[in-house]
Each structure stands twice: as C-alpha cells, then as structure tokens.
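Right, one structure below, let's go through it.
The values are calculated or read from the model by the stated rules, or taken from the named source; none is laboratory data. Computed from a predicted structure; not experimentally measured. Cβ atoms come from the backbone with ideal geometry, glycine included; neighbour counts cover every protein chain shown.
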Amino acid sequence: MRIGLLTSSRADFGIYKPLLNLMVLESDIELKVIAFGTHLSPYHGYTINEVKAQNLSDIDEIDSLLLGDNSSAISTSYGLTVIKFSDYWNQNNFDLVFCLGDRYEMSAAVQAGIPFGVKFAHIHGGEKTLGAIDNIYRHQITLASSLHFTSTQKYAERVAELIESDKNVFNVGALSLTDLDKFEFDGEKQFREKFGIPKKPYLLITFHPETVNSVVNKQYVNELAKSLKKIVRQFYLVITLPNADTNGSLYRSALHNIKKEFPDNVLLIENFGKENYFNAMKYSQFLLGNTSSGIIEAASFGKYVINVGNRQLGRVKGKNVFDCEFESLSIQECVKNISILGSYKEENIYEGTNPAAEIMKITKSFIQ
C-alpha cells in the first residue's frame, strides 16, 4: 500500500512520530513524506533537517511559503500552495494520505487534492478554537477527508455531525501521547546544561497570535510584554517562538526585546523538537500561553496550564487548565495562584490506549 504523509510544520511532525515509527517497520507500506510550509523556511528554523534526521527513505519537498505574515501574504501562500499541490497530486497517486491538524498550509494542500479524488486521513479533527481562523481550516480538512482519527469522543461526535455520518470516524486519543510511559527523558541536569537553563524554576511559554480578531494583537503584545517583565523577576522564562500566523512577527519582536532586556533570564527557542519539548515540559513549573500542546499534553506531565485569551476557546480542557484574560494584571494573578499548586495529579482526558497502533490497524483495514 502506498501512503503519503503531509507535514507542514515542526508541530505536526512531532505529533506524527509515533505513527511514523510504526509505518517504517511495515514491509507492505511504501511511505512518502511530503514536507512543505515552515519546514522549508530558514526564518522558522528550517525544520526539514529534523524530518531528514529521521532517516526516512522517501521525502518530497514543496516550497510555497511566503516570508511575510500579513493577511495578504497568508492568502497568497495559501493560493501558491494550492497551485503547487495541484501539480503534485496530478503526478502522484496514493492509497491514502495522512494530514494533521488545522494549519492553513495543510488546508491548502488538502483542498488541492479534492478534484483528483485523493483519499485523506485526518488526525485531530472535530476540535474547536474560536479565537483562531484555524478553526475554519480544520473543518475544511475534515470535509475533504475519508478517514478520521480524533483525540476525544466529543470531537468524534462533532466530526460525525460535520460529515453527516459516523462511518470511518474513530476516537483514538491524542497521537503525540502514544507510549509516553516509554519515553526516554533526559535527566534534568543534562537537559538544563544542553540549553543553558540555570538551576532555578522556569516556566514553559508559547504564545501565538489570535487570528480571528487580528486587530487586537498589538494590544495583546503590549499586555504580554508587561506581564513577562514582572514574571521574569520570579521565574526563568523558556519561550518557544510562534508559528507562521498573521501578525506572528509582532510577538516575535516583543519576545526578542524581552530577551534583550533580560538576557540572563530568558531563553528563546525557534524549534525544540518533540523530544526536547517534552523534556522542557517535564522540568518546568507550569505552562503559560495559548497553544494546544498545553491543553492536550500537559496533564500527562503533571503540569498546570494558564491558557491566555481566546485562541483556544471551545477546545475541551482538563482540570489542569486555567483560562485567563489577555491582560497583564490577570496573567500575573494567574501565575501567582498557580505557583502554589504543585503537580497536577488527575488523568489526561486526551490519552488513548495506544493511538499509533490503533491508527495503523484501522488504516490497514480501510485500505484493504
């Protein structure tokens, strides 16, 4: 069976890894990884090198991302991605192509495949993020897909509503959490030395723009900067930089300014990779930001999360997640309150039994 796997960013590739590890062991699977989006952008860390480091034998690269992050650049990149993938789907045939998440690049690649009858398998459909236009892209991908793997039962039910059928919709849990109990963590000392993180409590921080009401981002960046200048006096800050979203450069600029002002108390990371990110989460005090990884993964590491603003509004959240307004005093108050809570002890609602193995089993049955 010939399977394609679409990966457009550092984030989705890290999630795919447990599934990739199983696929490469299957002698009856001819796997081609199709890398595009920020993977090919030096500005975002040129993460195609991480893809190549997995010793995958067959990788195609499709370059269609413009450097700018205003609305025009995003829209033009979407159109260019559709054009590039129109040629690609015309020349390549697969039994099934995996796609993941809700990025606009992923949506463009999938939409281009509709006239060619490409069969897509969508991972992480049915989710809701009302503060990001990714919510629209995610549902577009769902409607164009033939096979669906969701991370909770509620999301499976939403996918069934969207496609008006529960056929080929499977709740398997979050793929990234596959075999977490077997994950080989670095020792804390080793991890800190690798990135020069001093021996003091640190927060793991990730902020992305809100892309539905994008005009608020200038205000939010100011509120973020004010809060971090206060929080940095109590915690070391390990900050992962935002993806290629509209107004992402506003956040990047502000975070680089924080680094300049507090050079010994801030670490900026362009691309951690899944392994280092999991280590960073394990040894952090808690998470702060507006990224899905906090909501989906952090509970499995015993971490509380401050979820700021509306970007993740609508996503199912565990008891470890505390919502907070995008306002400096509110953020500081949340940090103060969560600092005294210690570790989170309850289950993660996104954990499945073995998501990667379930996906492989269902995929084989679907293709046959």
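Tabulated data
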quantity	calculated
Hey, PHE94 more than 19 Å from the chain's Cα centre (by Cα) and of a type outside the set (Ser, Thr, Tyr) or not	yes
Residue in the stretch 228-236 that is touching a residue at least 60 places away in the same chain (Cβ under 8 Å), surrounded by fewer than 23 Cβ atoms within 10 Å (Cβ to Cβ), of a type outside the set (Phe, Trp, Tyr) and assigned to a helix (DSSP H, G or I) present	yes
Single residue of GLU346, GLU327, GLU275 found to be surrounded by fewer than 23 Cβ atoms within 10 Å (Cβ to Cβ), within 21 Å of the chain's Cα centre (by Cα) and of a type in the set (Asp, Glu)	GLU275
Candidate set: the stretch 176-217, residues that are under 13 Å from TYR236 (Cβ atoms) and β-branched (Val, Ile, Thr); chosen: the one surrounded by the most Cβ atoms within 10 Å (Cβ to Cβ)	ILE205
Some residue of the stretch 255-270 being in a helix (DSSP H, G or I), at pLDDT 95 or above and closer than 25 Å to SER8 by Cα	yes
Matching residues in the stretch 296-312 - criterion: being of a type in the set (Val, Ile, Thr) and either part of a loop (DSSP other than H, G, I, E, B) or buried (at least 24 other Cβ atoms within 10 Å of the Cβ) (or both)	ILE296, VAL305, VAL308
So VAL118, is it aliphatic (A, V, I, L, M), over 18 Å from MET360 (Cα atoms) and either in a helix (DSSP H, G or I) or within 20 Å of the chain's Cα centre (by Cα) (or both)	no
Residue ID - modelled with the lowest pLDDT, chosen from residues in the stretch 198-219 that are under 26 Å from ASP12 (Cα atoms) and in contact with a strand residue (DSSP E or B) (Cβ under 9 Å, 6 or more places away or on another chain)	HIS208
Of the criteria (1) out of contact with any Ser or Thr (no Cβ under 8 Å at 6 or more places or on another chain); (2) of a type in the set (D, E, K, R); (3) assigned by TED's automatic domain parsing to the domain that holds LEU241; (4) within 20 Å of THR152 (Cβ to Cβ), which one ASP264 fails	(4)
Filter pass, VAL110 being under 15 Å from LEU6 (Cα atoms) and either assigned to a helix (DSSP H, G or I) or free of Cβ contacts under 8 Å to residues at least 24 places away in the same chain (or both)	yes
Single unsatisfied condition, SER365 versus (1) of a type in the set (Gly, Ala, Ser); (2) within 23 Å of the chain's Cα centre (by Cα); (3) under 23 Å from GLY125 (Cα atoms)	(2)
Among residues of the stretch 82-103, those that are assigned to a helix (DSSP H, G or I) and either closer than 28 Å to MET360 by Cβ or acidic (Asp, Glu) (or both), counted	5
When residues of the stretch 1-48 are limited to those that are assigned to a helix (DSSP H, G or I) and of a type in the set (D, E, K, R), the one modelled with the lowest pLDDT	ARG10
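This table checks each residue for (1) closer than 20 Å to PRO201 by Cβ; (2) free of Cβ contacts under 8 Å to residues at least 24 places away in the same chain; (3) not in a loop (DSSP other than H, G, I, E, B).
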| position | (1), (2), (3) |
| --- | --- |
| GLY314 | no, no, no |
| LYS319 | no, no, no |
| PHE326 | no, no, no |
| ILE331 | yes, no, yes |
| LEU341 | yes, no, no |
